[in-house]
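Trainee: One structure is given below, represented as structure tokens, and several questions about it will come after.
The values are calculated or read from the model by the stated rules, or taken from the named source; none is laboratory data. This is a predicted model, so every value here is computed, not measured. Cβ placement follows ideal geometry from the backbone for every residue including glycine, while neighbour counts extend to all protein chains displayed.
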Amino acid sequence: MKAQINSKKAVILVSGGLDSTTCMAIAQAMGYELYALSINYGQRHAAEIKAAQWAAEHFKAREHKLISVDIGQIGGSSLTDPKMKIPQKPTEGIPNTYVPARNTMLLSFALGWAEVLNAQAIFIGVNAVDYSGYPDCRPVFIEQFQALADVATKAGVEGHGPKILSPLLNLSKADIILKGTNLGVDYTQTVSCYQADDTGLACGLCDACRLRNQGFRDAKLTDVTQYQDHVGFN
């Protein structure tokens with residue numbers, strides 16, 4: 001008897017960080033055949049791309065596509081412009097780590113690939129609770145992009161376009177970590193830090209490190225993040 005072929009496909013935007021890796025675990029648990037998509041957009045380090053490759057292999061993605069598009073040429077973010085300093089303390093308003101139109105760009109690539117694959121879903125790990133004030137991590141952004149996807153693609157117009165799924169949107173960082181832990185995510189392999197070194201060791205100072213560490217604390221779990229020697233949380 002031939003094994004059934006899983007026709008339930010999803011494109012997973014995977015950066016190699018805590019959130020996107022948890023998203024991939026959730027998509028797998030929901031029974032989707034995984035198509036991992038990572039974007040090298042000119043970010044400061046390549047460690048997260050290596051972490052994304054690990055996630056794609058670990059969760060047995062059918063394919064992992066890496067696309068390079070240097071939106072760092074536009075500037076405007078400390079994540080893509082080495083001349084700008086990444087904040088090491090909480091700031092008021094939207095921090096300079098916000099990358100203009102990044103999630104719009106990421107979802108656009110995912111939407112195109114999903115249409116080619118005839119995929120039913122696109123997963124993105126945006127989070128509106130423990131986030132840094134980014135406008136493209138809010139529920140209204142996901143809603144509006146879904147509306148765009150429904151009118152901007154052949155699949156959408158014909159009524160079978162992919163659904164934009166953001167399962168982490170209303171979860172705290174602690175909730176995300178607990179969910180991922182229950183699904184077997186090895187968070188030692190993920191890289192969230194904005195300025196990790198080439199081996200993926202975290203700085204322990206940026207906003208991403210602080211939110212991640214607080215998530216482990218709130219979840220009452222040991223922070224398994226691998227930090228650089230000169231920093232770390234007590």
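Trainee: Which numbered condition in (1) surrounded by fewer than 21 Cβ atoms within 10 Å (Cβ to Cβ); (2) aliphatic (A, V, I, L, M); (3) without any contact (Cβ under 8 Å) to a residue 60 or more places away in the chain is the only one that Met105 fails?
Mentor: (3)
Trainee: Can you pull out the residues in the range 55-91 that are small (Gly, Ala, Ser) and free of Cβ contacts under 8 Å to residues at least 12 places away in the same chain?
Mentor: Step one: of the range 55-91, the residues small (Gly, Ala, Ser) are 55-56, 61, 68, 72, 75-78.
Result: Gly75, single match.
Trainee: Could you tell me which of the residues Gly204, Gly159 is farther than 14 Å from Asn103 by Cβ and surrounded by 19 or more Cβ atoms within 10 Å (Cβ to Cβ)? Steps first, answer last, please.
Mentor: Details: Gly159 fails: surrounded by 19 or more Cβ atoms within 10 Å (Cβ to Cβ).
Residue meeting the stated conditions: Gly204.
Trainee: Give the residue, chosen from Ala119, Ala114, that is in a loop (DSSP other than H, G, I, E, B) and either in contact with a His (Cβ under 6 Å, 6 or more places away or on another chain) or among the small types (Gly, Ala, Ser) (or both). Don't jump to the end; show me each part of the working.
Mentor: Values: Ala114 fails: in a loop (DSSP other than H, G, I, E, B).
Checking each option against the conditions leaves just Ala119.
Trainee: Cβ-Cβ under 6 Å, sequence separation 6+ or interchain: first residue in the range 207-222 and in contact (Cβ under 8 Å) with a residue 24 or more places away in the chain and closer than 10 Å to Ile177 by Cα, partner of a type in the set (Gly, Ala, Ser) and assigned to a helix (DSSP H, G or I). Which pairs?
Mentor: Going by the 6 Å Cβ cut-off, the qualifying pairs are Gly215/Ala174; Asp218/Ala174; Ala219/Ala174.
Trainee: Now a separate question. Does Gly16 meet the test of being over 12 Å from the mean Cα position of the chain (by Cα) and either closer than 17 Å to Glu57 by Cβ or at pLDDT below 95 (or both)? Full working, then the answer.
Mentor: Working: over 12 Å from the mean Cα position of the chain (by Cα): no; either closer than 17 Å to Glu57 by Cβ or at pLDDT below 95 (or both): yes.
For Gly16, the condition - over 12 Å from the mean Cα position of the chain (by Cα) and either closer than 17 Å to Glu57 by Cβ or at pLDDT below 95 (or both) - is not met.
Trainee: So, one more: Determine whether the range 59-70 contains at least one residue that is in contact with a helix residue (DSSP H, G or I) (Cβ under 6 Å, 6 or more places away or on another chain), at pLDDT 95 or above and either of a type in the set (D, E, K, R) or assigned to a loop (DSSP other than H, G, I, E, B) (or both).
Mentor: yes
Trainee: Do we find that Cys209 is under 23 Å from Ala55 (Cα atoms), at pLDDT below 95 and surrounded by 20 or more Cβ atoms within 10 Å (Cβ to Cβ) in this structure? Steps first, answer last, please.
Mentor: Working: under 23 Å from Ala55 (Cα atoms): yes; at pLDDT below 95: yes; surrounded by 20 or more Cβ atoms within 10 Å (Cβ to Cβ): yes.
It is true that Cys209 is under 23 Å from Ala55 (Cα atoms), at pLDDT below 95 and surrounded by 20 or more Cβ atoms within 10 Å (Cβ to Cβ).
Trainee: Additional query: Is it the case that the range 146-167 has a residue that's assigned to a helix (DSSP H, G or I) and in contact with a strand residue (DSSP E or B) (Cβ under 7 Å, 6 or more places away or on another chain)? Outline the logic, then answer.
Mentor: Kept after step one, since they are assigned to a helix (DSSP H, G or I), are these residues of the range 146-167: 146-152, 154-157.
Narrowing further to those that are in contact with a strand residue (DSSP E or B) (Cβ under 7 Å, 6 or more places away or on another chain): 146, 149.
Yes, some residue in the range 146-167 is assigned to a helix (DSSP H, G or I) and in contact with a strand residue (DSSP E or B) (Cβ under 7 Å, 6 or more places away or on another chain).
Trainee: Pull out all pairs, ordered by first then second residue, where Cβ-Cβ is under 6 Å, the residues are six or more apart or on different chains, the first lies in the range 152-180 and is farther than 19 Å from Ala121 by Cβ, and the second is part of a loop (DSSP other than H, G, I, E, B) and small (Gly, Ala, Ser).
Mentor: Close Cβ pairs (under 6 Å, with a partner that is part of a loop (DSSP other than H, G, I, E, B) and small (Gly, Ala, Ser)) amount to Ala174/Ala219; Ile177/Ala219; Leu178/Ala219.
Trainee: Return the only residue of Ile39, Ile94 being within 20 Å of Val126 (Cβ to Cβ), in contact with a Leu (Cβ under 8 Å, 6 or more places away or on another chain) and either in a strand (DSSP E or B) or in contact (Cβ under 8 Å) with a residue 24 or more places away in the chain (or both). Don't jump to the end; show me each part of the working.
Mentor: Details: Ile94 fails: in contact with a Leu (Cβ under 8 Å, 6 or more places away or on another chain).
Being within 20 Å of Val126 (Cβ to Cβ), in contact with a Leu (Cβ under 8 Å, 6 or more places away or on another chain) and either in a strand (DSSP E or B) or in contact (Cβ under 8 Å) with a residue 24 or more places away in the chain (or both) holds for just one of Ile39, Ile94, which is Ile39.
Trainee: Counting just the residues of the range 172-189 that are buried (at least 18 other Cβ atoms within 10 Å of the Cβ) and touching a helix residue (DSSP H, G or I) at 6+ places or on another chain (Cβ under 7 Å), which one comes out nearest to Gly16 (Cα to Cα)?
Mentor: Tyr187
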